Amino acid sequence: MKLTGAQIVWEALVREGVEVVFGIPGGQNLPIFDALAKYEYPLHFVLTRHEQGAAHMADGYARASGRVGVCMTTSGPGATNLVTGLATAYMDSSPVVAITGQVATTILGRDGFQEADVTGITMPVTKHNYLVTNINELPQIMAEAFYIAASGRPGPVLIDICRDVQAGQIDVVWPDKVDLPGYRPHVTAAPVEGIAAAARLINEAERPLIVVGQGVTISGAHAQLQDLAEKADIPVASSLLGLSAFPQSHPLALGMGGMHGEAFTNLALQNCDVLIAIGARLDDRLTGAFATFAPKAKIVHIDIDRAEVGKNLTIALPLVGDARLTLELLLPLVRPAQHTEWRAQIAAWRTDTDRRDILAQETTTLVPPYVIRQIYEQAAGSIVVSDVGQHQMWEAQYFPHERPRSHLTSGGLGTMGFALPAAIGASFARPDEEVWVVVGDGGFQMTMCELATVIQEERKIKIAIINNGYLGMVRQWQDIVYEKRYSASPLVNPDFAALAAAYGIAALRITERGAVADAISTARHTDGPFLLDFRVDPLAMVYPMVLPGKSNSDMLRRPLPEMMGGQEGK
Amino acid sequence: MKHVVIAWMEDKPGVLTRVASLFRRRGFNIESLVVGHSETPGISRMTFVVDGDDRTMNQVESQLEKLINVTAVEDVTAKPAVVREMALIKVAAQGSEARTEIMQMADVFRAKVVDVGHQSLTLEVTGEEDKIESLIGLLRRFGVLEVTRTGQVAIVRASAKENGNGHRP
């Protein structure tokens with residue numbers, strides 16, 4: 001049967017099981033959109049208001065579902081607007097396929113209208129990319145793109161399709177398999193000798209610690225992780241993206257470590273004698289200064305990407321392989337253990353952290369952690385998509401997650417503006433679940449045009465703006481590192497509730513503690529989207545904090561209650 | 001320490017850019033890079049010389065292997081390998097004395113005279129980097145007018161491959 005390039009694109013998406021595509025049409029992908037109207041493919045197209053939003057939606061969909069998220073834009077500016085979203089997905093190993101229109105092959109390379117070298121631009125922020133100039137290659141490339149995006153360590157793949165390829169016609173032969181000579185993802189367990197050696201290290205450890213990342217979620221290793229932790233009595237710390245990989249109510253859960261990790265978590269990292277890192281890149285936000293990280297520990301590093309093992313730290317035992325399969329082989333070799341002293345030591349450190357808890361302190365101001373905890377009190381178990389900045393760290397500290405894929409955030413790239421569109425994407429992946437956006441007033445304004453998408457697509461997401469009138473994390477650094485010179489960090493904001501109303505979204509502004517719980521309840525019980533504008537304490541700080549380049553042992557701690565009003569001590 | 005690394009890759013548009021872009025953004029210090037056809041149709045072979053410690057070399061290999069179009073990577077530094085480079089050197093040759101001396105030198109280095117002009121000679125020399133460096137060094141006093149070098153290519157010796165040390169894509 002003869003199909004046009006445009007039809008091949010849609011047929012391939014349907015064959016891959018795609019149910020929703022996010023994007024914007026434009027001059028160089030009109031043939032693709034015309035085919036969509038003409039043939040009524042069984043998938044849903046979501047028109048976004050900006051291409052960056054489309055990329056984040058595809059990413060959010062992928063993170064919430066584990067399936068490939070798809071976005072689609074035109075050439076030139078449409079495609080370059082995807083770059084931030086692709087880089088975000090790339091850093092956090094999120095499977096995304098982006099399909100962009102390109103000028104016709106007859107114009108390619110001649111600086112045609114809306115021409116940009118999109119494969120060149122996106123090369124460093126995609127797992128792979130393609131420029132399609134020959135329609136005969138299109139069916140194979142579509143299949144390869146999905147295979148590459150989803151397999152091994154997942155990541156974004158971009159397909160740039162020339163306009164005349166979209167409009168051309170061929171007799172389609174669908175590929176029956178994908179065989180790439182240079183791509184053999186490690187979808188097996190690590191070698192058994194390595195696993196046996198790791199088991200010996202773990203069995204001999206007195207102060208073992210596990211640290212988990214996004215890889216546990218991608219691999220679906222949650223059950224095996226919990227089995228290992230329980231069998232050998234090993235506490236579990238997390239990177240930011242590992243937070244929903246292990247139930248945070250579990251007695252062995254230590255929450256997030258690193259720059260804004262709790263002190264007891266960082267002390268555990270710095271004092272453990274064997275550290276088992278699973279699906280975590282061990283980047284600088286988690287480790288602090290590389291040379292001073294976990295100085296007493298032999299590190300076992302389980303990761304599917306060989307290039308991550310030993311990239312930043314010296315690894316005693318590299319285990320390159322799939323996390324779940326590797327843990328399955330490791331588990332029977334690990335002896336049951338009780339690390340009573342070690343656990344007691346961590347508990348003692350934790351007591352000190354609890355004493356400093358902001359929520360335990362007498363204050364009447366609307367502090368952000370209070371708002372976050374109130375959302376948790378009512379909406380525990382929801383999918384929470386946080387943006388980037390102070391509120392993101394407070395969410396990580398004060399909203400414990402229990403289920404895999406319930407906490408979505410831009411960890412690696414730290415992309416402000418991620419949360420709202422990513423939450424829209426997540427709501428398509430899991431339509432029956434409550435989805436919350438926790439976002440700062442700065443980040444919200446970077447992609448707030450997607451409020452229109454919320455309405456057009458009837459998304460019922462709940463948006464909590466932690467509004468402090470600053471680029472809060474910038475202001476915090478200026479506070480600590482730059483002697484309170486608030487250079488370009490104060491924000492003059494619109495009235496977000498009025499703004500929401502303009503879009504047809506119900507909203508409330510909350511200025512005092514007493515109104516928080518009711519407002520959250522109203523939002524939850526309103527059938528439709530809801531925006532809550534929390535006017536919080538403008539000068540609140542996220543603690544603990546490890547200053548850049550410093551050791552995790554060297555934290556700025558939360559002030560003790562008796563020290564409130566002054567600056568914090570160590 | 002300098003390493004000689006061979007990488008095999010699919011001969012597709014943009015592959016060289018992918019490799020070069022990777023070297024640039026990861027900060028790998030590349031001294032030379034040569035790419036050409038291999039014995040297998042559709043597979044190009046790249047030889048490059050990179051300066052780095054063990055951690056860097058581990059990154060060079062594993063990051064390169066992640067590129068979808070790269071089919072194999074092999075660091076041959078520690079292996080018995082034939083490493084060669086070719087250079088064309090145009091050297092000023094004024095007067096028969098200079099000319100004779102240059103040609104004698106070329107003989108010693110097994111270089112060929114590939115072009116003769118009124119004021120200059122062009123030599124073609126093949127060998128390891130050191131040999132080429134020293135020939136150029138010796139020619140300097142006559143006036144080296146132009147040099148073009150291919151960069152190093154390498155192949156693991158048959159004896160090593162037969163002993164099982166070889167590695168092929």
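The values are calculated or read from the model by the stated rules, or taken from the named source; none is laboratory data. What you are looking at is a predicted structure, and each value in this text was computed from that prediction instead of being measured. Positions of Cβ are backbone-derived with ideal geometry, glycine not excepted, and every protein chain shown enters the neighbour counts.
Considering every residue within region A:33-54, establish whether at least one is out of contact with any Pro (no Cβ under 9 Å at 6 or more places or on another chain), under 15 Å from A:Val157 (Cβ atoms), in the same structural domain as A:Arg153 (by TED's automatic domain parsing) and modelled with pLDDT of 95 or more.
no
Kindly indicate whether any position in region A:51-63 is buried (at least 23 other Cβ atoms within 10 Å of the Cβ), in contact with a strand residue (DSSP E or B) (Cβ under 9 Å, 6 or more places away or on another chain) and over 29 Å from A:Gly220 (Cβ atoms). I'd like the intermediate steps shown before the answer.
Step one: filter region A:51-63 for residues buried (at least 23 other Cβ atoms within 10 Å of the Cβ), giving A:51-63.
Within this subset, residues satisfying the condition of being in contact with a strand residue (DSSP E or B) (Cβ under 9 Å, 6 or more places away or on another chain) are A:51, A:53-63.
Among the residues that remain, those that are also over 29 Å from A:Gly220 (Cβ atoms) are: A:51.
Yes - at least one qualifying residue is present in region A:51-63.
Per-residue answers, yes or no, for (1) at negative phi; (2) surrounded by 13 or more Cβ atoms within 10 Å (Cβ to Cβ); (3) under 28 Å from the mean Cα position of the chain (by Cα):
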position	(1), (2), (3)
A:Arg485	yes, no, no
A:Leu508	yes, yes, yes
A:Ser521	yes, yes, yes
A:Arg535	yes, yes, yes
A:Ala540	yes, yes, yes
A:Pro544	yes, yes, yes
A:Pro548	yes, no, yes
A:Ser551	yes, yes, yes
A:Leu560	yes, yes, no
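For region B:81-111, which residues satisfy the criterion of being among the hydroxyl-bearing types (Ser, Thr, Tyr) and either within 27 Å of B:Arg157 (Cβ to Cβ) or surrounded by fewer than 11 Cβ atoms within 10 Å (Cβ to Cβ) (or both)?
Residues of region B:81-111 among the hydroxyl-bearing types (Ser, Thr, Tyr): B:96, B:100.
B:Ser96 - this is the single residue of region B:81-111 that is among the hydroxyl-bearing types (Ser, Thr, Tyr) and either within 27 Å of B:Arg157 (Cβ to Cβ) or surrounded by fewer than 11 Cβ atoms within 10 Å (Cβ to Cβ) (or both).
Give the residue, chosen from A:Gln169, A:Gln214, that is buried (at least 24 other Cβ atoms within 10 Å of the Cβ) and of a type outside the set (A, V, I, L, M, F, W, C). Even if it seems obvious, please write down each step before you answer.
On the way: A:Gln169 fails: buried (at least 24 other Cβ atoms within 10 Å of the Cβ).
Answer to the selection: A:Gln214.
Identify the residue in region B:43-77 that is charged (D, E, K, R) and touching a residue at least 60 places away in the same chain (Cβ under 8 Å) and, among all such residues, is surrounded by the most Cβ atoms within 10 Å (Cβ to Cβ).
B:Glu74
Please identify the pairs in which a residue from region A:174-197 that is within 14 Å of another protein chain (Cβ to nearest Cβ) has its Cβ atom under 6 Å from the Cβ atom of a residue that is of a type in the set (Gly, Ala, Ser), counting only partners at least 6 apart or on another chain.
Between residues of region A:174-197 that are within 14 Å of another protein chain (Cβ to nearest Cβ) and residues that are of a type in the set (Gly, Ala, Ser), the close pairs are A:Val178/A:Ala143; A:Pro185/A:Ser151; A:Pro185/A:Gly152; A:His186/A:Gly321.
Quick one: A:Gly60 ticks every box in (1) away from chain B (no Cβ under 14 Å); (2) closer than 19 Å to A:Ile32 by Cα bar one, so which box is it?
Condition (2) is where A:Gly60 drops out.
Does B:Val60 fit the bill of being under 21 Å from the mean Cα position of the chain (by Cα), within 14 Å of chain A (Cβ to nearest Cβ) and closer than 30 Å to A:Gly152 by Cβ?
Numbers: under 21 Å from the mean Cα position of the chain (by Cα): yes; within 14 Å of chain A (Cβ to nearest Cβ): yes; closer than 30 Å to A:Gly152 by Cβ: yes.
For B:Val60, the condition - under 21 Å from the mean Cα position of the chain (by Cα), within 14 Å of chain A (Cβ to nearest Cβ) and closer than 30 Å to A:Gly152 by Cβ - is met.
Has region B:65-85 got any residue that is closer than 30 Å to B:Glu10 by Cα, away from chain A (no Cβ under 14 Å), in contact with a Lys or Arg (Cβ under 9 Å, 6 or more places away or on another chain) and of a type in the set (Ser, Thr, Tyr)?
yes
With A:Val542, A:Val481 as the choices, which residue is out of contact with any strand residue (DSSP E or B) (no Cβ under 9 Å at 6 or more places or on another chain), over 22 Å from A:Asn467 (Cβ atoms) and of a type in the set (A, V, I, L, M)?
A:Val481
Conditions tested, residue by residue: (1) assigned by TED's automatic domain parsing to the domain that holds A:Ala291; (2) in contact (Cβ under 8 Å) with a residue 24 or more places away in the chain; (3) in contact with a helix residue (DSSP H, G or I) (Cβ under 8 Å, 6 or more places away or on another chain); (4) over 30 Å from A:Met259 (Cβ atoms).
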residue	(1), (2), (3), (4)
A:Leu471	no, yes, yes, no
A:Gln476	no, yes, yes, no
A:Leu508	no, yes, yes, yes
A:Ala519	no, no, no, yes
A:Thr522	no, no, no, yes
A:His525	no, no, no, yes
A:Val536	no, yes, yes, no
A:Leu547	no, yes, yes, no
A:Pro559	no, yes, no, no
